[in-house]
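What follows is a set of notes on a single structure, which appears directly below.
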Amino acid sequence: MKVLIAGGAGFIGSHLCDRLLSDGHEVICVDNLITGSKKNIKHNLANSRFSFIEFDVAEGILQLDGNLDYIVNLASPASPVDYQKYPIETLKVGALGTLNTLELARRKKAKYLFSSTSEVYGDPDVSPQAETYWGRVNPVGSRSQYDESKRFAEALIVAYRKKHSLDAKIVRIFNTYGPRMRKNDGRVVPNFICQALTGKPLTIYGDGAQTRSFCYIDDLVEGIVKMMFAKEAGPINLGNQDEFTIRELANKISKIINRKLSVTKQKLPPDDPKQRCPDITLAKRHLKWQPKIKLQEGLVKTIEWFKEIR
Ligand code: UDP
């Protein structure tokens, strides 16, 4: 198959490029490189089944000759620090980028998969979060640029399904970590690892009792690929169900690095969800998917990678 991956030079996108290439597909990687990086894809540039186009999908419909079988749209800043730095770009890529790539899929008669997010559930008052939960999002809050752009995109996809019978799917991705996260992307896993490796205190926001459920990148990519080829349209949650407090995460990382590390408490950012844990009943049932890599194992691999790039 010929697959276009929007956001293909990002953290998740570049791993999906690798996986689809190794499965024998042709991959067109499209990225505007605001948070993605050529470093993530450089090992594929010599592959004749791989091509890279620097392009912002929010700016128009990509002119592409020939056929196209699939579009996977992963394009968006995804860390709170990034999307707060690029609020308008984030809203544009969720809204216009999704519109433009859906239109390209319609013209090419390609299938489509959209990466939505656990952030559509906002600061949830139910846990774990199932796909039937409508969420608790502050529409003018400090995360709204990301949350609302993804919510709008989901609605647009549903409209394209209805109006144009487009085969368009939605996955809702929960916290994911692994090699190729940027050192300075501001998310908790790269922050703690980089602080721990340089002997700095770990920055815990708030009291550290808030929870997240961390999925290793290889597990997530497997889930995305299963969804691409499933009958199911979603939305389907993809994430790891093992829930940890941020304090527990800090302790785990300190233990693996084997250093006694101090912590500094910093202000909890506004609208920071107090808990997050996916209900993955649907993914288990329809995709026969569930994460295999435990947090301990995934952190060891991720820490090794961060050590190498230092
Ligand atoms: N966090 C933290 N210290 C950091 C970075 C993040 O305590 O240096 C907390 C953050 O407040 C949130 C959780 O870790 O409660 C996960 O943050 P992240 O930015 O990784 O992703 P989010 O799930 O909030 O989008």
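Here is a yes/no grid of residues against (1) closer than 28 Å to Tyr86 by Cβ; (2) in contact (Cβ under 8 Å) with a residue 60 or more places away in the chain; (3) over 18 Å from the mean Cα position of the chain (by Cα):
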site	(1), (2), (3)
Gln129	yes, yes, no
Arg136	yes, no, yes
Pro139	yes, no, yes
Gln145	yes, yes, no
Arg151	yes, no, no
Leu156	yes, yes, yes
Tyr160	yes, no, yes
His164	no, no, yes
Ile170	yes, yes, no
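Pairs are defined by a Cβ separation below 8 Å, a sequence spacing of at least 6 or placement on different chains, a first member in the stretch 64-92 that is in contact (Cβ under 8 Å) with a residue 24 or more places away in the chain and polar (S, T, N, Q), and a second member that is part of a loop (DSSP other than H, G, I, E, B) and away from the ligand (no atom under 13 Å from the Cβ); the pairs so defined are Asn73/Gly7; Asn73/Val57; Ser76/Gly7; Ser79/Thr35.
Table: residues versus (1) within 16 Å of the ligand (Cβ to nearest atom); (2) of a type in the set (D, E, K, R); (3) more than 18 Å from the chain's Cα centre (by Cα); (4) closer than 21 Å to Glu232 by Cα.
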position: Asp65; (1), (2), (3), (4): no, yes, yes, no
position: Asn73; (1), (2), (3), (4): no, no, no, yes
position: Ser79; (1), (2), (3), (4): yes, no, no, no
position: Lys85; (1), (2), (3), (4): yes, yes, no, no
position: Leu91; (1), (2), (3), (4): no, no, no, no
position: Leu96; (1), (2), (3), (4): no, no, yes, no
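Residues in the stretch 141-176 that are part of a strand (DSSP E or B) and touching a Phe, Trp or Tyr at 6+ places or on another chain (Cβ under 9 Å): Ala168, Lys169, Ile170, Val171, Arg172, Thr176. Count of the stretch 241-267 residues, restricted to those that are out of contact with any Cys (no Cβ under 6 Å at 6 or more places or on another chain), of a type outside the set (Phe, Trp, Tyr) and not in a loop (DSSP other than H, G, I, E, B), is 17. Just one residue in the set Leu33, Leu113 is under 25 Å from Asp147 (Cβ atoms), touching a helix residue (DSSP H, G or I) at 6+ places or on another chain (Cβ under 9 Å), of a type in the set (A, V, I, L, M, F, W, C) and away from the ligand (no atom under 16 Å from the Cβ); that residue is Leu113. Of everything listed in (1) among the charged types (D, E, K, R); (2) closer than 30 Å to Glu232 by Cα; (3) assigned to a loop (DSSP other than H, G, I, E, B), the single unmet condition for Lys284 is (3).
Would you point out the residue of the stretch 120-151, among those that are in contact with a strand residue (DSSP E or B) (Cβ under 9 Å, 6 or more places away or on another chain) and of a type in the set (Asp, Glu), that is nearest to Met227 (Cα to Cα)? Ranking the qualifying residues of the stretch 120-151, first place goes to Glu131.
When each of Asp82, Asp23 is tested for being among the charged types (D, E, K, R) and more than 28 Å from Asp123 (Cβ to Cβ), the lone residue that passes is Asp23. The set of residues from the stretch 1-31 being without any contact (Cβ under 8 Å) to a residue 60 or more places away in the chain and closer than 22 Å to Val81 by Cα comprises Ala9, Asp31. Has the stretch 226-241 got any residue that is without any contact (Cβ under 8 Å) to a residue 40 or more places away in the chain and within 15 Å of the ligand (Cβ to nearest atom)? No; the residues of the stretch 226-241 include none that is without any contact (Cβ under 8 Å) to a residue 40 or more places away in the chain and within 15 Å of the ligand (Cβ to nearest atom). Considering Asn40, Asn44, Asn73, Asn67, the condition of being at pLDDT 95 or above, farther than 20 Å from Ser115 by Cα and surrounded by 14 or more Cβ atoms within 10 Å (Cβ to Cβ) is satisfied by Asn44 alone.
Could you please let me know if Lys265 is more than 17 Å from Thr117 (Cβ to Cβ), within 16 Å of the ligand (Cβ to nearest atom), touching a residue at least 40 places away in the same chain (Cβ under 8 Å) and touching an Asp or Glu at 6+ places or on another chain (Cβ under 8 Å)? Judged against the criteria, Lys265 is a match.
Take the residues in the stretch 177-215 that are more than 10 Å from the ligand (Cβ to nearest atom) and not in a loop (DSSP other than H, G, I, E, B); name whichever of them is surrounded by the fewest Cβ atoms within 10 Å (Cβ to Cβ). Ranking the candidates gives Leu197 first.
The values are calculated or read from the model by the stated rules, or taken from the named source; none is laboratory data. Here the structure is a predicted model, which is why all the values come from computation and not from measurement. Methodologically, a virtual Cβ is constructed for each residue, glycine included, from the backbone with ideal geometry; neighbour enumeration extends over all protein chains shown.
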